[in-house]
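Notes follow the structure.
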Amino acid sequence: MNKFIYLDYASTTPVDKRVLEKMNDYLTIDGVFANPSSSHYLGIKAKDEIEHARINIANILGCIKEEIFFTSNATESINLAIKGIIYNYLPNNKKNIITSKIEHKAVLETCDFIKKLGIKVIYIKNSNTGSLDINLLEKKITKKTILVSIMHINNEIGTINNINKIGNICKKKNVLFHVDATQSVGKYILNLKKINIDLLSFSSHKFYGPKGIGVLYVKKSKFKIILTPLLHGGGQEKGLRSGTLATHQIIGLSTALNLANNEIKKEKKRIKILKNKLWNGIKNISGIYLNGNLKNSSPYIINIGFKNVFNKILMIEMKNIIISTSSACNSNKYNISHVLKSLGLTEQLIQCSIRISFGRFTTVEEINILIKNLHVSIKKIRKN
Ligand code: PLP
């Protein structure tokens, strides 16, 4: 497997071996496998372990354990956050929610769904480098607004939204604020004590935990946030998310978050150096363009294109280097990235764009190989 250079960490990350080792203790007959809702000794033990994980996650995020709810992934958390709030207002076609054009499809498709229920969705435009117009967002919030849903870091171009500022605006205007933090948890220090966020979603597989487990943070405040559950059944997670809790997945998420958090600053510095190295090594290739911007962006993601070099051909040419055309979801269902489109790129420039995302196992040697391959492959493609 090592013959591949994996540079698609924004799509998913491999499970860290230390995480897998820990998860193994929660699956088999000699481990803590019992149903955490069972009242026997083994069930209580499993529930105990889950509560320890919940406390660990809460401590890392600067919140309390009662605010952490386990789901199957960020998509479910996002659906629960948005629909969970909106369902309380139905039927009512006078209310609105505010989001942006470059959110992940989990947000945009959920918004499309609630539009059909009669809720208005207002989309705030971004600049052609991916920055959100926060002043416009503030102006658009009215008495009819229930919720603002804005991502922290864009998964395709890496631009960072100022969630502190947006949180303050939402608090001042008395509307709920949901943050899709799927690309920032485990990479950025998020102190929920200090930021005005009411709901926050993420998935474990973006920070070397297993797939199939996510979190929805729901702030406990004077004004109780009431969410209508999406799933009904055994009443787990205080009735908000029924279904037997997956102990091994929760332990995996918690362990992965711990490992990521311990190295968060050092790792970000290391990745920043790798991103700069890559950019400096390729910025002189003729016809290169950067999607987004370098200043206000995550070091973990870079989105670039080379005029007249189609991404699919480039990917075939460099088949041992795993990069992406845009987000993984887009590559399957949609031909054209809605994010790049909203930056004003033509269809052809979108088809010539690639996303490279760095992670824990990315090395300087890999970046050197990538730089060399880009130079050689682009020359070859343009010649043919
Ligand atoms: N939000 C963002 C910003 C993402 O990058 C992703 C996944 O790529 C999601 C939401 C959805 O995550 P999942 O597929 O784990 O539910």
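Taken together, the values in this text are just the output of simple stated rules run on the coordinates, not laboratory data. Here the structure is a predicted model, which means the values were calculated and not measured. Cβ sites come from the backbone with ideal geometry, for glycine too, and all protein chains shown count toward neighbours.
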In nm, spacing of pseudo-spin labels at THR363 and ASN280 (7 Å Cα→C-beta vector): 2.1 nm
Per-selection metrics, region 252-384 (Cα): Rg and Dmax in Å: 15.6, 50
Sequence-distant residues sharing a close amide H with ASN126 (under 5 Å, placed H): LYS101
Sites LEU90 and LYS173, calculated FRET efficiency, Cβ-Cβ separation with R0 30 Å, nearest 0.05: 0.85
Spin-label pair ILE313/LYS266, simplified geometry with 7 Å Cα→Cβ offset, distance in nm: 4.4 nm
Nitroxide proxy distance, nm - points 7 Å out along Cα→Cβ at ASN191 and GLU21: 3.2 nm
Chain lengthening between LYS165 and THR244 when straightened (0.36 nm per residue, less Cα-Cα): 24.7 nm
Values of log10 I(q)/I(0), in the order q = 0.10, 0.14, 0.17, 0.22 Å⁻¹, for region 97-228 under a Debye, Cα-only, solvent-free model: -0.31, -0.62, -0.94, -1.58
Relative compactness, the chain, computed as alpha-carbon Rg over 2.2 N^0.38 Å: 1.02
Intensity falloff of region 170-276 expressed as log10 I(q)/I(0), Debye formula with alpha-carbon point scatterers, at q = 0.14, 0.20 Å⁻¹: -0.69, -1.17
